[in-house]
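Readers should treat all values here as calculations from the given coordinates under stated rules, not as data from a laboratory. Because the structure is a prediction, the values reported are computed rather than measured. Note that we place each Cβ from the backbone using ideal geometry, even for glycine, and neighbour counts take in every protein chain shown.
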Amino acid sequence: MERVVEKPDEVAVITIITACVGLGRLDQAINLFSQLPNPNVVAWNVMIKGHSKNLNLGKQVHSEAIKLGLDCSVYAGSSLINMYSKCHSMESARKVFDAMDVTNTVVWNAMLGGYAQNGQSLEVKEIFSNMRTSGLEPDEFTCTKVLSTFGQWESLEMGRKFHAFIIKKNLELNLFIGNALVDMYAKSGDLKDARRQFELIPERDIVSWNAIIVGYVHEKEEEEGFRLFRKMICDGFLPDQFSVSSILSGSANRQALEQGKQVHCFSLKLGLYLNIYAGSSLVDMYAKCGAMEAANKVFSEMPVKTVVSRNALIAGYIQNNNADEAVKEFFDMQAEGLQPSKYTFASILTACSASSRLNLGRQVHCDTLKSGVLIDDEFSGVSLLGMYLRSSSTEDANKLFLEFPKQRSRVLWTCMISGHAQNGNSAEALCFFREMRNDDVLPDQSTFTSVLSACSGLAALQDGKVIHCLAFHTRFDLDESTCSVLVDMYAKCGDIGSSMKVFEEMVNKEDAVSWNSMIVGFAKNGYAGKALKIFEQMKHANVEPDDITFLGVLTACSHGGMVLEGREYFNLMISRFGIKPRDDHFSCMIDLLGRHGRLKEAEELIEKLPFEPGAGVWATLLGACKIHGDLIRGQKAAEKLILLEPDNPSSYVLLSNLYAASKNWGASNRVRNLMKERGLKKFPGCSWIEVNAKLNLFVAGDKLHINAGEVRAVLKDLTALMREQGYVATTDFLLDEED
């Protein structure tokens with residue numbers, strides 16, 4: 001008897017295929033799909049959705065759909081557009097859209113959604129305009145997709161206009177559109193309008209609550225976010241993974257560990273503890289609160305360890321100064337077959353930001369290229385540049401910068417300017433700024449603060465004035481950070497009048513930064529009394545002094561010979577303001593005592609330090625001993641200093657000079673011979689001055705300088721004038737030129 005093979009139930013097979021796709025079992029889905037003799041549009045639609053994250057397989061499904069003439073159907077066509085959009089292949093998505101003969105709102109929405117999720121707001125506006133021109137009216141899904149592109153300050157005004165359009169169409173009270181409006185205003189930082197829109201929604205759902213809570217947390221108003229979270233629960237809404245994740249983010253921002261623990265317990269009761277999003281947020285919260293043991297425990301208990309959870313753990317280790325564990329997790333992640341994302345690379349590159357880890361940083365650089373992270377990706381590019389610059393490998397950073405496409409962004413330029421300025425390459429930082437301006441790239445607040453710091457390092461007053469002028473014309477001179485750096489720049493260039501003028505014209509002086517710049521500026525320029533007067537004004541303005549403020553105040557007292565006042569301010573810092581003195585505060589006090597010959601008091605202060613004295617403390621005492629010829633204390637300070645910094649030639653030079661000043665030439669020669677044995681050489685001193693917008697550098701012992709003869713002649717005349725006033729040059733401290 002001939003066996004009868006039953007034809008498979010098409011509906012049942014499609015249902016099973018849908019389930020397989022939902023579970024990520026694409027091989028089983030493909031096998032079942034192949035058993036259908038004539039797959040209908042629904043079956044093709046399911047298969048296209050299943051390959052929405054695999055571009056190559058998605059293209060194969062598209063090819064088969066074309067052969068069967070299904071690519072132009074509304075459902076298959078919109079699914080193809082969605083597939084290409086999720087694979088970030090918008091050019092292919094547009095080709096599918098343009099090739100379709102019959103279009104309706106579903107297809108237009110698919111195209112709008114694709115551009116929206118890929119951040120192409122201009123194309124969203126174009127498609128929306130074309131849709132209306134074609135006679136189709138937008139529905140709730142159209143509006144939500146368009147609104148999603150306006151969630152940033154740059155396009156908020158456009159969002160408001162679109163909101164007006166929604167009101168005209170009587171769609172404002174639609175739940176989906178209402179939620180999208182709350183989300184748009186919240187992401188733009190306009191919490192007032194976001195809250196107003198939230199209150200207008202008649203029947204809120206969990207999405208409504210999540211949108212407003214996320215908005216408050218994102219804008220650092222965590223307390224109100226927590227209050228709304230509690231109100232949401234009281235109103236009968238159970239938090240989902242997104243609610244828990246956002247509120248945990250708020251706990252992490254405030255480092256509110258106890259609050260985070262409460263949310264953790266609550267997530268356990270809701271069964272969200274092992275959810276991927278909630279679990280990753282818990283790891284992040286504990287890590288940012290410094291509880292790495294708890295973060296590790298949550299991570300180890302997660303059934304599925306994703307790239308996101310790994311990133312949270314790696315970032316946590318780095319934040320808690322455990323680069324070794326971060327590197328270990330990075331390699332474990334790769335060994336387990338997880339592909340690092342650009343955020344993983346950014347975190348691990350931070351761990352490589354030391355000269356000792358430079359080779360590892362270069363290896364990670366190679367890994368980023370192998371993984372397909374493009375060199376023109378701004379986020380990854382800045383991470384790589386930052387790693388090289390923080391490792392003081394400026395040559396590598398310069399080479400990498402040249403590999404970027406010619407239209408380099410402001411962020412990349414600023415990264416280079418800031419990095420070189422922080423590495424002491426102020427002249428190169430200024431060169432990068434000039435190149436940036438030649439490329440017609442406008443600086444922002446970060447650029448101005450970085451390049452003005454470079455001007456401070458060079459005492460390049462003329463360049464500083466030109467940059468100040470540009471800041472004025474671009475309105476960045478109203479920014480408090482920029483103004484503070486301007487105050488500092490003018491002071492370091494010796495133009496204390498301009499420094500004070502900028503300070504007095506500042507509208508906002510609510511934090512200590514600008515006050516500190518002015519206090520330090522006066523102190524360093526020899527105006528001790530004015531520095532202390534600014535400090536008193538600062539207190540009257542109810543601005544809380546910080547540790548930097550007192551460094552400036554103590555420096556002023558030291559330079560002004562105010563020993564008694566210095567002691568009073570030092571005690572005030574501890575007793576009234578609760579600031580724990582650091583190594584540099586004690587160095588200021590030792591300098592204050594040492595300048596006035598109170599070396600015994602300075603030594604006693606060092607002996608009473610609550611911590612092991614650092615190199616700065618001993619160097620300050622040694623310098624004072626050299627001035628006052630205290631050989632015994634100076635020798636002790638030098639020995640401590642050489643022990644702490646055996647490769648620093650300055651310590652040996654100071655000790656040698658101390659012996660020379662006491663006519664102990666044998667000991668002086670022994671120290672210099674020890675320097676030679678250890679391969680140490682004193683770097684010659686240098687100074688520079690800007691004349692007619694040109695920087696002139698002078699190095700000690702440089703006989704090849706183009707103006708060497710003129711310099712010596714002027715110096716000779718000045719020395720003669722000083723001798724007439726009773727000045728006698730001390731030459732005992734000079735080392736031979738070959739040293």
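Brief remarks on what is shown
- With neighbour counts taken as other beta-carbon atoms within 10 Å, the residues Glu435, Glu222 rank, fewest first, as Glu435, Glu222.
- Alpha carbon centroid spacing (whole Å) that separates region 127-205 from region 495-541: 48 Å
- Taking every lysine pair in region 81-176 that is 8 or more places apart or spans two chains, those with Cα atoms closer than 23 Å amount to 13.
- Descending by average beta-carbon neighbour count within 10 Å, the peptides 126-139, 357-370 line up as 357-370, 126-139, the highest first.
- Cut-off under 5 Å, modelled amide H: who pairs with Asn696 long-range: Ile689, Glu690, Val691
- R0 of 25 Å, Cβ-Cβ distance Glu221-Leu122: FRET efficiency to nearest 0.05: 0.20
- Under 17 Å from the Cα of Lys370 - lysines, other chains or at least 8 residues apart: Lys342
- Label point 7 Å beyond Cα of Asp647 along Cβ direction - residues of region 320-362 with amide nitrogen under 20 Å: 352-362
- Counted by neighbouring Cβ atoms within 10 Å, the residues Val304, Val466, Val671 run from fewest to most as Val304, Val466, Val671.
- For region 346-416, averaging the sequence separation of C-alpha pairs within contact (under 8 Å, six or more residues apart) and dividing by the residue count gives a relative contact order of 36 percent.
- Taking every C-alpha pair closer than 8 Å and separated by at least 6 residues, the mean separation divided by the residue count of region 637-684 gives a relative contact order of 35 percent.
- Cα-based reach from Lys328 at 16 Å (exclusive), listing lysines while leaving out same-chain residues under 8 positions away: Lys305
- Under Karplus coefficients 6.51, -1.76 and 1.60, residue-wise ³J(HN,Hα) of region 626-641 in Hz, glycine/proline x: 5, 5, 9, x, 8, 5, 5, 5, x, 5, 4, 5, 5, 4, 4, 5
- Each peptide in 614-620, 498-504, 437-443, 249-255 receives the mean, over its residues, of other Cβ atoms within 10 Å, and ordering these scores from highest gives 614-620, 249-255, 498-504, 437-443.
- Straight-distance crosslink candidates among lysines, where the alpha carbon sits under 28 Å from Lys676 and sequence neighbours closer than 8 are dropped: Lys626, Lys636, Lys640, Lys663, Lys703
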